Amino acid sequence: QVSAALREGRVSPTELCQRCLSLIKSTKFLNAYISVAEETALKQAEESEKRYRRGQPLGVLDGIPVAVKDNFNTAGIETTCASNMLKGYISPYNATVVQKLLDQGAVLLGKTNLDEFAMGSGSTDGVFGPVRNPWSYSRQYKEKSVPKCHCEDKEPSWVITGGSSGGSAAAVSAFTCFAALGSDTGGSTRNPAALCGLVGLKPTYGLISRHGLIPLVNSMDVPGILTRCVDDAAVVLGSLAGHDPKDSTTVQDNFKPFEVPNVTDLSKFSIGIPKEYHAPGLSSEILALWSKAADLFKNAGAKVIEVSLPHTPYSIVCYHVLCTAEVASNMARFDGLQYGHRAAASQSTESMYAATRREGFSQVVRGRILSGNYFLLKQNYENYFIKAQKVRRLIAQDFVKVFRSGVDVLLTPTTLRDAMPYKEFIQEDNRTRSAQDDILTQAANIAGLPAINVPAALSERGLPVGLQFIGCSFQEKQLLTIAKWFEKQVKFPVIQLEEMEKHDHGVFQHQKSAYFS
Amino acid sequence: AARGYGGAWCQAWQRGAGFPNLATRGQRAVACNARGGAVPAGKCGLAPWVPVVGLEVHAQISSNSKLFSGSQVQFSAPPNSLVSFFDASLPGTLPVLNRRCVEAAVMTGLALNCSINKKSLFDRKHYFYADLPAGYQITQQRVPIAVNGSLSYTLCIGNKMSQMVTKTVRIKQIQLEQDSGKSLHDDTRSQTLVDLNRAGIGLMEVVMEPDMCCGEEAAAAVRELQLILQTLGSSQAVMAEGQLRVDANVSVHHPGERYGVRTEVKNINSLRFLAKAVDYEIQRQIEELEKGGTILNETRAFDSKLGCTVPMRDKEGKQDYRFMPEPNLPPLILYDAKSLPANMNHQQVVNIDWIHERLPDLPSVKRAKLVEHYGILPEHSFTLLNEDGLTEFFENVVKQTQMKPKKVIGWILNDMLGYLKQHSLTVKESPVSYFLLADLLNLLEKKEISSTAAKQVLAELWKGEGKTPLEIVKEKKLELLRDQKELEEICQVVIDGQENE
């Protein structure tokens, strides 16, 4: 819709940009953005405007304000990964996905907040502080929350966005942009999508280039897409997917961008319900929602069957070993020599390295590095790393078997519960939380499969909960088709933010389906 | 006697000097023969020692750009001027494999009789050092590109040049890996200067099994490898420019017993130093063990000024490199004529058979051809190939002259080569071109001058004053007199002169 509005001249790219920028300012308390690139964004908007006036927009994304997680390299704009190690680091190049967005005329508003180096499931552990879930300030949440104590703070305690792409999720959810890039290694795009009521798409590994995405786990990372509806996700996917010679892990096959078809007849589809995803700690609300969704598909004529992914219980440990091992390796480059933070210590190169890394990395990061190095030691390699690789293969094979048996997509919950209040979340450490929260999402990363969160309903507390669809490798079209059908059925409500009402509604109403074209 | 080994042998390896006759060679023949030759006992008269030498040779691949990035490969550029984002390990950059480097490694593997692995893998080798920006090197530890080959090389034994023996060293594997940057320690200012121009250049590491037993063998093997690489063009292998570096693994043991503890002598960058370092190390170990001491499994460097090996400060303690598969590079798949899929774009693949068909003649083949074609001696062919450009020079002279190659060769190897060495010039820099020499030899062949005269003319030509042989002959009146009458007149004068006394 907004794209149509741009084309029809009902709103101009610069107006749109300015509104988003001012909204960013008024929602600063969300702490969704680390850097706001006001000047360059306005310039990009002006360029876009010129193109529209000439009647030659570059495409659907021309003039659309977007935000990018701060672990993507952006030339000339600070890239920090929410870490002291990269504070002030200005990259000389754009990540391929960023470049693609810019080439389509998108307007880059800024870089969003995250857990440090994308390690975390709450977006609470970055050096710029935690991100607040916009739904904390929604009417829906406020109405449902009961004051728990007689504290001065009359406002209900704010809830987390989930992570690690929480900044991107908050940015989209609060209407400061129309799409945002996150990254997904263990669920980091789908988790905040679920908690913030957004569509969060994790594409198949190898479909979208990772060149310029500062890696966490090279063999599992993918750029993630956060939007307000499935159609928007398809548009962004269409502009990003495809082989990149700079990334040797992208597939060579040509990718054909698609529009998500509207299906009404589900009889051809088979939906699998993996029983192991009835994980311990799953809230009864979400369990009920999951069941309701299964029934929805059944009643619409789809084949709904229970399936088994027997190695699911081993995925956390497998993920932990492989993730920390790759992290230890990827973080080895941060020594203060060429870029980033460098400690003052100067007795020897080694002492400088040690001080730099101690000062630059948070405890979470250091912990993972130490774990990873432990697993990579010669005496442990066979028992941990190789074993974990074998388990990884088994987990991936579970999915292959299920898909081969005729199932088209799997339907699972995305998170165990709705967004937790920040005060409660920080009671446990990062590692514990990550292990708990990643459980439903990480298998898709282990197996490299595409997966998508679709917001499904509001919880009893008035907060979003979503459901996850997992598809076959490179079958994004089918995945999104089913996701879109589901999205249509559930009619997830629009967030009602008081801040919104201060702004011109014009473009921001009817945001449930902000279909671009 | 105990320490004399090193000095004599290393002279043999001054580039292109051929094989001088040395008195000590007799000793050496005892010291080192086919695998497991024993070294005569040291001063104590104990049981003989068997030295064991293995080598790891790092050859820089001759390519326009680096192994995983597009930055240029060039010697002696301003510091940090050839560094791409990936080379500097900027976060988010990814490696992209250079096709030319793969081809170079396949060529080298084929030339060394290796099996080429159709599927090979890349790994990360982790350690922290200022010249390693990413904190790890990308190498091939699990499955390298080529394995199980062999290299034949030749040594001269005995006092005559003509006694040559061919030896073989097994090639364990060839792996592709990144070169590191360079770090210079500035002790006066307590700082380390880092130049990343070299970081990321493609290397082929050629691992030679411990089939050698002394410095001479090691140097001969490396020399032959160098010639092969230069012939293939896969590496320019100029040691002085750091394009070929050798690590030597040395140990000693008594015959029949287990191999001894080995030390590694790293980063030797000349053939002379290689021979010296290996021999010194063998001797050091023998002396240490005969004293009752032990050998530490350590890394040492060769101090060329002192002529000895010394422990390396930085490499104390055993390193755990925490090898891990390189997740950003899929397995490297190579094809041959049989396995190549029909619809594959041939620009996207490396075809082993295609490369094999286009391999140039290796040095051993070239030498055999020279011997057969020109009737020269085998040892002549070695000297010809040993000196850059000399074979071509010889062949050009032969083409231009009626003189038989068997005679020409003497002029090339004794006279020309002698002058080149005297003036420290390469064949390319020679003031005497092949056609000048050919002209001269033609005069000799036509009996217009004597061979003594010819040598004089050559000496003149070497002054580089631009005169032709004929001009010099006329100037110095070196023509042979043919005219019967003239000769009679001269003789008569001499006889008359004699009579007067």
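The values are calculated or read from the model by the stated rules, or taken from the named source; none is laboratory data. Just so you know, these numbers come straight off a predicted model, no measurement behind them. Cβ: placed from backbone, ideal geometry, glycine included. Neighbour counts: every protein chain shown.
Residue count for region B:345-359 under the criterion of being more than 14 Å from every other protein chain (Cβ to nearest Cβ) and surrounded by 12 or more Cβ atoms within 10 Å (Cβ to Cβ): the result is 8.
Let's see how each residue does on (1) surrounded by 15 or more Cβ atoms within 10 Å (Cβ to Cβ); (2) farther than 30 Å from A:GLN489 by Cα; (3) touching a residue at least 60 places away in the same chain (Cβ under 8 Å); (4) hydroxyl-bearing (Ser, Thr, Tyr):
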site: A:ILE273; (1), (2), (3), (4): yes, no, yes, no
site: A:SER283; (1), (2), (3), (4): yes, no, yes, yes
site: A:LEU309; (1), (2), (3), (4): yes, no, yes, no
site: A:ILE316; (1), (2), (3), (4): yes, yes, yes, no
site: A:GLN338; (1), (2), (3), (4): yes, yes, no, no
site: A:ALA344; (1), (2), (3), (4): no, yes, no, no
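Results for (1) hydrophobic (A, V, I, L, M, F, W, C); (2) out of contact with any Phe, Trp or Tyr (no Cβ under 7 Å at 6 or more places or on another chain); (3) assigned to a helix (DSSP H, G or I), shown as yes or no for each residue.
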position: A:LEU411; (1), (2), (3): yes, no, no
position: A:ASP418; (1), (2), (3): no, yes, no
position: A:GLN427; (1), (2), (3): no, yes, no
position: A:SER434; (1), (2), (3): no, yes, yes
position: A:LEU449; (1), (2), (3): yes, no, no
position: A:ALA456; (1), (2), (3): yes, no, no
position: A:GLU460; (1), (2), (3): no, yes, no
position: A:PHE474; (1), (2), (3): yes, yes, no
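Kindly indicate which of B:ALA134, B:ALA146, B:ALA130 is over 19 Å from B:PHE85 (Cα atoms), touching a residue at least 24 places away in the same chain (Cβ under 8 Å) and in contact with a helix residue (DSSP H, G or I) (Cβ under 6 Å, 6 or more places away or on another chain).
Numbers: B:ALA134 fails: over 19 Å from B:PHE85 (Cα atoms); B:ALA130 fails: over 19 Å from B:PHE85 (Cα atoms).
On inspection, the qualifying residue turns out to be B:ALA146.
Can you confirm whether region A:225-246 contains a residue that is assigned to a loop (DSSP other than H, G, I, E, B), within 14 Å of chain B (Cβ to nearest Cβ) and in contact with a Leu (Cβ under 8 Å, 6 or more places away or on another chain)? Checked against the condition, which is being assigned to a loop (DSSP other than H, G, I, E, B), within 14 Å of chain B (Cβ to nearest Cβ) and in contact with a Leu (Cβ under 8 Å, 6 or more places away or on another chain), region A:225-246 yields at least one hit.
Quick grid of which residues meet (1) over 29 Å from the mean Cα position of the chain (by Cα); (2) under 30 Å from B:VAL398 (Cβ atoms); (3) in a loop (DSSP other than H, G, I, E, B):
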site	(1), (2), (3)
B:ARG322	yes, no, yes
B:ASN328	yes, no, yes
B:PRO341	yes, no, yes
B:MET344	yes, no, yes
B:ASP361	no, yes, yes
B:VAL371	no, yes, no
B:ILE376	no, yes, yes
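Of these, B:GLY181, B:GLY215, which one is buried (at least 24 other Cβ atoms within 10 Å of the Cβ) and touching a Leu at 6+ places or on another chain (Cβ under 8 Å)? So the residue among B:GLY181, B:GLY215 that is buried (at least 24 other Cβ atoms within 10 Å of the Cβ) and touching a Leu at 6+ places or on another chain (Cβ under 8 Å) is B:GLY215. The lone criterion from (1) out of contact with any Leu (no Cβ under 8 Å at 6 or more places or on another chain); (2) within 14 Å of chain B (Cβ to nearest Cβ); (3) of a type in the set (Gly, Ala, Ser) left unmet by A:ALA388 is number (1).
Is region A:200-210 home to any residue that is more than 10 Å from the chain's Cα centre (by Cα) and among the charged types (D, E, K, R)? Yes. If the condition is being at pLDDT below 90 and either within 10 Å of chain A (Cβ to nearest Cβ) or within 30 Å of A:ASN330 (Cα to Cα) (or both), then region B:313-344 contributes B:ARG313, B:ASP314, B:LYS315, B:GLU316, B:GLY317, B:LYS318, B:GLN319.
Which one of A:ASN254, A:ASN218 is within 14 Å of chain B (Cβ to nearest Cβ), closer than 30 Å to A:ASP437 by Cα and part of a loop (DSSP other than H, G, I, E, B)?
Values: A:ASN254 fails: closer than 30 Å to A:ASP437 by Cα.
After applying the criteria, what remains is A:ASN218.
Determine whether region B:74-86 contains at least one residue that is touching a Lys or Arg at 6+ places or on another chain (Cβ under 8 Å) and surrounded by fewer than 21 Cβ atoms within 10 Å (Cβ to Cβ). Looking for residues that are touching a Lys or Arg at 6+ places or on another chain (Cβ under 8 Å) and surrounded by fewer than 21 Cβ atoms within 10 Å (Cβ to Cβ), one finds at least one in region B:74-86, hence yes. Number of residues in region B:51-70 that are more than 14 Å from chain A (Cβ to nearest Cβ), among the small types (Gly, Ala, Ser) and assigned to a loop (DSSP other than H, G, I, E, B) equals 2.
Looking across B:ASP439, B:ASP415, one residue alone is within 14 Å of B:PHE393 (Cα to Cα) and more than 27 Å from the chain's Cα centre (by Cα). It is B:ASP439.
Taking B:MET239 as the residue in question, decide whether it is buried (at least 24 other Cβ atoms within 10 Å of the Cβ) and closer than 25 Å to B:LEU362 by Cβ. When the stated conditions are applied, B:MET239 does not pass them.
Exactly one residue out of B:ASN351, B:ASN345, B:ASN386 is in contact with a Gly (Cβ under 6 Å, 6 or more places away or on another chain) and outside the structural domain of B:GLN163 (by the TED database), and it is B:ASN386.
Restricting attention to region B:106-134, which residues are within 14 Å of chain A (Cβ to nearest Cβ), part of a strand (DSSP E or B) and crowded, with 20+ Cβ neighbours inside 10 Å?
Hits for region B:106-134 are B:ASP123, B:ARG124, B:HIS126.
Evaluate the following for A:THR176: is it part of a loop (DSSP other than H, G, I, E, B), touching a residue at least 40 places away in the same chain (Cβ under 8 Å) and more than 27 Å from A:THR356 (Cβ to Cβ)?
Working: part of a loop (DSSP other than H, G, I, E, B): yes; touching a residue at least 40 places away in the same chain (Cβ under 8 Å): yes; more than 27 Å from A:THR356 (Cβ to Cβ): yes.
It is true that A:THR176 is part of a loop (DSSP other than H, G, I, E, B), touching a residue at least 40 places away in the same chain (Cβ under 8 Å) and more than 27 Å from A:THR356 (Cβ to Cβ).
Looking only at residues in region B:175-228 that are closer than 30 Å to B:LEU384 by Cβ and assigned to a loop (DSSP other than H, G, I, E, B), the one that is nearest to the other protein chains (Cβ to nearest Cβ) is B:CYS213.
Out of A:LEU287, A:LEU282, A:LEU266, A:LEU309, report the one residue that is at pLDDT 95 or above, of a type in the set (A, V, I, L, M), farther than 30 Å from A:LEU102 by Cβ and part of a loop (DSSP other than H, G, I, E, B).
On the way: A:LEU287 fails: part of a loop (DSSP other than H, G, I, E, B); A:LEU282 fails: at pLDDT 95 or above; A:LEU266 fails: at pLDDT 95 or above.
So the residue among A:LEU287, A:LEU282, A:LEU266, A:LEU309 that is at pLDDT 95 or above, of a type in the set (A, V, I, L, M), farther than 30 Å from A:LEU102 by Cβ and part of a loop (DSSP other than H, G, I, E, B) is A:LEU309.
Within region A:314-326, not a single residue is farther than 23 Å from B:ASP123 by Cα and in a loop (DSSP other than H, G, I, E, B).
Looking across region A:22-41, the residues that are within 24 Å of A:ALA75 (Cβ to Cβ) and part of a helix (DSSP H, G or I) come down to A:ILE24, A:GLU38, A:GLU39, A:THR40, A:ALA41.
Taking each residue of region B:395-419 that is under 12 Å from B:LYS455 (Cα atoms) and looking for partners that are of a type in the set (Val, Ile, Thr) and at pLDDT below 90 with beta-carbon atoms closer than 8 Å, six or more apart or interchain, yields B:MET416/B:VAL432; B:TYR419/B:VAL432. Taking first residues from region B:449-472 that are over 16 Å from B:VAL408 (Cα atoms) and assigned by the TED database to the domain that holds B:TYR434 and partners that are in a helix (DSSP H, G or I) and hydroxyl-bearing (Ser, Thr, Tyr), the Cβ contacts under 9 Å between residues at least 6 apart in sequence or on separate chains come to B:ALA459/B:TYR419; B:TRP462/B:TYR419. Screening region A:68-116 for residues that are part of a helix (DSSP H, G or I) and closer than 19 Å to A:PHE334 by Cα and picking the one that is nearest to the other protein chains (Cβ to nearest Cβ) gives A:LEU86.
Residues in region B:249-301 that are in a loop (DSSP other than H, G, I, E, B) and on the phi > 0 side of the Ramachandran plot: B:GLY256, B:GLY292.
For B:LEU289, which of the numbered conditions (1) closer than 16 Å to B:LEU55 by Cβ; (2) buried (at least 18 other Cβ atoms within 10 Å of the Cβ); (3) at pLDDT below 95 fails to hold? (1) is the only condition that B:LEU289 fails.
Of everything in region A:250-271, what is over 18 Å from A:ASN299 (Cα atoms) and crowded, with 19+ Cβ neighbours inside 10 Å? Give them in sequence order. So that I can check it myself, show each step before the final result.
Just the residues of region A:250-271 that are over 18 Å from A:ASN299 (Cα atoms), to begin with: A:250-261.
If the condition is that a residue be over 18 Å from A:ASN299 (Cα atoms) and crowded, with 19+ Cβ neighbours inside 10 Å, then A:THR250, A:VAL260 are the ones that fit.
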